[in-house]
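*Asks:* Quick one: the structure is below, and I'll ask about it shortly.
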Amino acid sequence: MSHPSNNIHKKPIVLSLSGHDPSGGAGIQADTESIHYFGCHPCSIITCLTVQDSYTVHRLIPLDSINILEQANTLLNDLAVSAIKIGLTGSVECVEAIASLLRKHPNIPVIFDPVLACGDGTPLADTALINTIRKKLLPLTTVLTPNTLEAVKLTGLSNSTDIKALGAQLLEQGVASVLITGGHTPGPSIFNHFFQAHEAIHVSKWPRQAGEFHGTGCTLAASIAALIAQGTSLSNAIEQAQEYTNTCISHAQQIGHGQAFPVRL
């Protein structure tokens with residue numbers, strides 16, 4: 001039986017590999033909502049379960065890397081994925097599995113939000129995991145979106161290191177481009193710095209909104225992935241994703257008793 005073709009309006013596909021946040025504020029759910037907003041079809045593979053609420057992550061439950069790879073290979077054999085977004089990994093084995101997958105698909109842009117701690121500062125990655133991310137994932141990343149604290153951990157430099165030196169070091173480690181977000185730096189405004197090799201540093205200034213927020217990094221990185229999947233230029237994708245994230249924060253709601261959740265419109 002034949003079916004009418006609907007390929008004329010087929011949405012670009014974004015594959016998200018990230019953790020599951022049962023509170024619904026971050027992780028896979030935040031990715032899916034953001035990807036859908038920008039007109040793409042979200043596919044998802046959970047890398048890590050969490051015991052989590054609006055305050056913090058209480059425990060990580062990493063999933064078997066063999067199962068992660070089987071799901072990813074099955075999807076990529078069937079679907080034309082236009083971008084891959086990576087979030088919480090949770091284990092060395094997961095990072096190694098994702099790296100092996102990316103090496104098989106070098107033409108798919110990779111947007112990586114290196115979730116190394118939750119919003120209250122609770123660490124989600126030990127030294128072994130951070131070192132594996134440095135060696136295995138960073139050289140395969142198209143756009144890296146760390147906050148300043150994550151940039152320090154990934155470079156191994158000190159907390160007092162100048163932001164320009166952090167960006168330069170991440171580029172030297174093999175990242176194609178990096179957007180270092182400044183939400184953890186005090187002041188009335190947030191300054192995000194975008195670095196590309198042989199390009200001038202682009203600085204975006206955003207008003208600091210009152211409160212603590214859950215899932216902003218996921219929203220930003222997933223939005224960049226969706227925009228790139230749509231064919232948006234890298235510089236425009238970076239700018240539009242920041243604007244969208246800022247809007248989502250401005251509509252944030254206090255769902256639980258901890259951090260507020262951005263509303264992904």
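*Asks:* Taking the range 123-156 on its own, how many of its residues are within 27 Å of S54 (Cβ to Cβ) and part of a helix (DSSP H, G or I)?
*Replies:* Matching residues across the range 123-156 total 10.
*Asks:* Another question, then. What number goes with the only condition from (1) part of a loop (DSSP other than H, G, I, E, B); (2) surrounded by fewer than 18 Cβ atoms within 10 Å (Cβ to Cβ); (3) at pLDDT 95 or above; (4) not hydroxyl-bearing (S, T, Y) that D120 does not pass?
*Replies:* With respect to (1) part of a loop (DSSP other than H, G, I, E, B); (2) surrounded by fewer than 18 Cβ atoms within 10 Å (Cβ to Cβ); (3) at pLDDT 95 or above; (4) not hydroxyl-bearing (S, T, Y), D120 is out only on (3).
*Asks:* Would you point out the residue of the range 207-265, among those that are β-branched (V, I, T), touching a helix residue (DSSP H, G or I) at 6+ places or on another chain (Cβ under 7 Å) and not in a loop (DSSP other than H, G, I, E, B), that is surrounded by the fewest Cβ atoms within 10 Å (Cβ to Cβ)?
*Replies:* Among residues in the range 207-265 that are β-branched (V, I, T), touching a helix residue (DSSP H, G or I) at 6+ places or on another chain (Cβ under 7 Å) and not in a loop (DSSP other than H, G, I, E, B), the one surrounded by the fewest Cβ atoms within 10 Å (Cβ to Cβ) is I249.
*Asks:* Also: Name the residues in the range 63-87 that are in contact with a Cys (Cβ under 7 Å, 6 or more places away or on another chain) and surrounded by fewer than 18 Cβ atoms within 10 Å (Cβ to Cβ), would you?
*Replies:* Answer for the range 63-87, where residues must be in contact with a Cys (Cβ under 7 Å, 6 or more places away or on another chain) and surrounded by fewer than 18 Cβ atoms within 10 Å (Cβ to Cβ): L75, L79.
*Asks:* Scan the range 225-241 and give yes if some residue there is at pLDDT 95 or above, under 20 Å from I84 (Cα atoms) and of a type in the set (D, E, K, R), otherwise no. If you could, list the steps in order and put the result at the bottom.
*Replies:* Applying the first criterion (at pLDDT 95 or above) to the range 225-241 yields 225-241.
Restricting the remaining residues to those that are under 20 Å from I84 (Cα atoms) gives 225-241.
Now narrow it down to the ones that are of a type in the set (D, E, K, R): 239.
Taking every residue of the range 225-241 in turn, at least one turns out to be at pLDDT 95 or above, under 20 Å from I84 (Cα atoms) and of a type in the set (D, E, K, R).
*Asks:* Another question, then. Give me a count of the residues in the range 123-143 that are buried (at least 18 other Cβ atoms within 10 Å of the Cβ), more than 19 Å from D21 (Cβ to Cβ) and either in contact (Cβ under 8 Å) with a residue 40 or more places away in the chain or hydroxyl-bearing (S, T, Y) (or both).
*Replies:* Of the residues in that region, 8 qualify.
The values are calculated or read from the model by the stated rules, or taken from the named source; none is laboratory data. What you see is a predicted model, and the numbers here were worked out from it, not measured in a lab. Here the Cβ is made from the backbone with ideal geometry for all residues, glycine too, and neighbour counts use every protein chain on show.
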